[in-house]
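Report on the structure given below.
The values are calculated or read from the model by the stated rules, or taken from the named source; none is laboratory data. Keep in mind the model is a prediction, meaning the values are calculated, not measured. Note: ideal-geometry Cβ built from the backbone for every residue, glycine included; neighbour counts use all protein chains shown. Surface accessibility is based on the protein's heavy atoms, side chains included, excluding ligands, DNA and RNA. Shrake-Rupley method; radii C 1.70, N 1.55, O 1.52, S 1.80 Å.
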Amino acid sequence: MMGDEFIADEIDRTIVEQLRLNGRATNQQIADRLDLTAATVSARIRRMEDENKLRVVAVSDFSAHGYNVLMEIAIEVDGRPASEVAAELAAFPEVFAAHLVTGRYDIDILVALHDFDELSDLMLNKLSKVRGIRSMSPAIAVDVVKYKFDVAPIEARETV
């Protein structure tokens, strides 16, 4: 830590890697693997959490909960702020992610359904009733090639 700027070092990165491998690992287990003390591991994790550089969360598997249809829907908005439309879409329980995006479309949502029987109700009775949606372009996932949540790596920073 230099001044108010957080700088992750190799120990921080290896602790994060251990948590990625086993999110249930205790501080003592991580400490034993890295030849540290449990107090050091605990202090490092707490520091990263306090600096909003680390959040330990549980990630559930879609299919384990009976969701067999994953779909991305690109949405064009007209006559209403995209942020308002996105907030309304995000309130639907089927929507697990909503993003304001650049490009041809204004919003991108990710949807999980139990089966295809739910698709017409979602598209025709729910989403189509949201004011401001000009068009929707759904794309159903046919295979999950990569499903990974450790997308924000802690990279080493050059110190000057």
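Quick notes on this one:
- Assigned charges on the beta-carbon of Lys, Arg, Asp, Glu; the chain dipole about Cα centre (debye): 140 debye
- In this structure the chain gives 67 Å² per residue of accessible area when probed at 1.4 Å with all protein chains present.
- With a simple spin-label model that places each label point 7 Å from the Cα along the Cα-to-Cβ direction, the separation between His114 and Ile140 comes to 1.7 nm.
- When Asp32, Asp117, Asp108 are compared by accessible area at a 1.4 angstrom probe, the order from most to least is Asp117, Asp32, Asp108.
- With the charge dipole of the stretch 1-99 set up from +1 on Lys and Arg Cβ and -1 on Asp and Glu Cβ about the Cα centre, the Cα lying farthest toward the positive end among the listed residues Asn27, Asn52, Ala64 is that of Asn27.
- CD proxy at 222 nm, helix term only [per DSSP H run n ≥ 4: -39500 (n - 2.57); per residue of the chain; nearest 500]: -8000 deg cm²/dmol
- Once you reduce the stretch 101-120 and the stretch 31-52 to the center of their Cα atoms, the two points are 39 Å from each other.
- Legend: residues Glu51, Glu10, sorted from most to least accessible area (1.4 Å probe; ligands, DNA and RNA excluded), read Glu10, Glu51.
- Distance between the pseudo-spin-label points of Arg20 and Ala43 (7 Å out from Cα toward the beta carbon): 2.6 nm.
- Heavy-atom accessible surface of the chain: percent carbon and sulfur, 1.4 Å: 50 percent
- Point-charge dipole on Cβ atoms (K/R +1, D/E -1) for the stretch 22-99, about Cα centre, debye to 20: 580 debye
- A Förster radius of 30 Å, combined with the Cβ-Cβ distance separating Tyr147 from Asn125, puts the computed FRET efficiency at roughly 0.55.
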